[in-house]
Amino acid sequence: MDNEVLYLNGDFLPLSQGRVPVEDRGFQLGDGIYEVIKVMNGRLVWLEDHLERLERNLAAVSLSEAASGHHLDFVLPDLVVRSQVDHGFVYVQVTRGFAPREFVFPNPPHPTVLAYARSKPAPAVSEILMGTTLHPVRDLRWARCDIKSTNLLAAVLAKEEARQAGAHEALFMAEDGVVREGGSSNVFAVLDGGLRTHPLDNRILGGITRKHVIEMALQEGYPVEERAFTLDEVMSAPAGRCEVFTASTTKDIMPVVRIGSQVVGDGKPGVVTLALLDVIRRAQAILVGLEPPPALGVRPASV
């Protein structure tokens, strides 16, 4: 914690000394966009993808030029070095900045651009093999979940409900039983050897790990459908014919072994899930100059 460095509006300073005005619109109105980027071996994973998404989201809320002069493609790697983070994440936030409290946009805006790096260990192999659990909640979020907004109250409440229910992650559900996404993750099902996941639209975030899972699955020969599935489809599938996993920046792929009170499949991480996790782990290791870790799973013979 002593080494944590903050980048704030062009300056580097100790994170503990960071100050933002009380009337910053990100603080009072949730009027901002954020990104979380994985750090491995002191390097940022899929940085270009994250910065492209940041630009798209800023454009979606009329903040296209807010971060343009900050050269985040140089600042963020420098921030990781200054913070001495080997494995963890970088958090980036851009808000419309300080202005007297009004709902309409200030003209001109004075954006706040900040970022910091933090150490955080990757999930242990034992945690991965134990699997994760999901708690279904009705999706009451706004209708622009494709925008990575700093206004996260709905996710906060859903994740707290999941925690109190003894689960690791919330599972946002549509009224008709369609699975949308996790509280801070995308969700995949493996049905009859092929992958299914909710299509990109305004109801889910286009996750960076989601994108790479799809690309790598196709390269490995797995069928992939960006087509929504229901909880009933998953829970009624015969044991051994269905797997579920989450995909996120900080946890990569996590096998799901229980949803609510019901066991998924045989209650163990599935072979396709672990095979895809091995592919992701290997690709990331090579990207950051590390030796690929030992395999967790066995590649299915049918693929």
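Throughout, read-outs are computed from the coordinates displayed, never taken from laboratory work. Just so you know, these numbers come straight off a predicted model, no measurement behind them. Positions of Cβ are generated from backbone atoms using ideal geometry, with glycine treated the same way; all protein chains shown enter the neighbour counts.
Of all DSSP beta bridges in the chain, what percent run antiparallel (nearest 5)?
Counting DSSP beta bridges with both partners in the chain, the antiparallel share is about 80 percent.
Relative to the longest principal axis of the C-alpha atoms of the chain, give the angle of the C-alpha long axis of helix 47-60, reported between 0 and 90° and rounded to the nearest 10°.
For helix 47-60, the angle is close to 70 degrees.
For volume of the Cα convex hull per residue in Å³, which listed value, [x] 135; [y] 143; [z] 161, comes from the coordinates shown?
[x]
Given 0.36 nm per residue, what is the gain on full extension from H71 to H87 after removing their alpha carbon distance, in nm?
Fully extending the segment from H71 to H87 adds 3.5 nm.
Can you give the calculated 222 nm mean residue ellipticity of the chain, where each DSSP H run of n ≥ 4 adds -39,500 (n - 2.57) and the sum is split over every residue, rounded to the nearest 500 deg cm²/dmol?
Calculated mean residue ellipticity at 222 nm is -8000 deg cm²/dmol.
Calculate the spin-label point distance for F103 paired with E291, positioning each point 7 Å from the Cα along the beta-carbon direction, and give it in nanometres.
6.0
Average the reciprocal distances over every distinct pair of alpha-carbons in segment 140-232, invert the result, and give the Kirkwood radius in Å.
Details: mean 1/r = 0.0714 Å⁻¹.
After inverting the mean inverse Cα-Cα distance, the result is 14.0 Å.
What dipole magnitude, in Debye to the nearest 20, does segment 5-119 give about its Cα centre under +1 on Lys/Arg Cβ and -1 on Asp/Glu Cβ?
That gives a dipole near 280 debye.
With a cut-off of 13 Å, note down the residues of segment 1-31 whose backbone N falls inside the zone around a label point 7 Å from the Cα of S119 toward its beta carbon.
1-5
Along the Cα-to-Cβ line of R138, 7 Å from the Cα, sits a label point; which residues in segment 150-167 have backbone N less than 17 Å from it?
Output list for this probe position: 154-155, 157-159, 161-162.
If the chain between N3 and E160 were fully stretched, how many nm would it gain, using 0.36 nm times the residue separation less the Cα-Cα distance?
Extra length available between N3 and E160 comes to 53.5 nm.
Return a whole-number percent for the relative contact order of the chain, with Cα pairs under 8 Å and 6 or more residues apart as the contact set.
Rounded, it is 17 percent for the chain.
Evaluate E = 1/(1 + (r/R0)^6) for T250 and S126, where r is the Cβ-Cβ distance and R0 equals 25 Å; express this FRET efficiency to the nearest 0.05.
0.90
Could you state the angle between the C-alpha long axis of helix 208-219 and the longest principal axis of the C-alpha atoms of the chain, as a value from 0 to 90 degrees rounded to the nearest 10?
40
Which value in nm describes the separation of the simple spin-label points at N202 and E225, placed 7 Å from the Cα toward the beta carbon?
2.6
So what J values fall out for segment 29-44 if you push phi through Karplus, 6.51 cos²θ - 1.76 cosθ + 1.60 with θ = phi - 60°, rounded to Hz, Gly and Pro as x?
So the Karplus estimates, Gly and Pro as x, are 10, x, 8, x, 10, 9, 9, 10, 10, 6, 10, 10, 6, x, 10, 7 Hz.
Relative to the longest principal axis of the C-alpha atoms of the chain, give the angle of the C-alpha long axis of helix 153-164, reported between 0 and 90° and rounded to the nearest 10°.
Roughly 40 degrees, rounded to the nearest 10.
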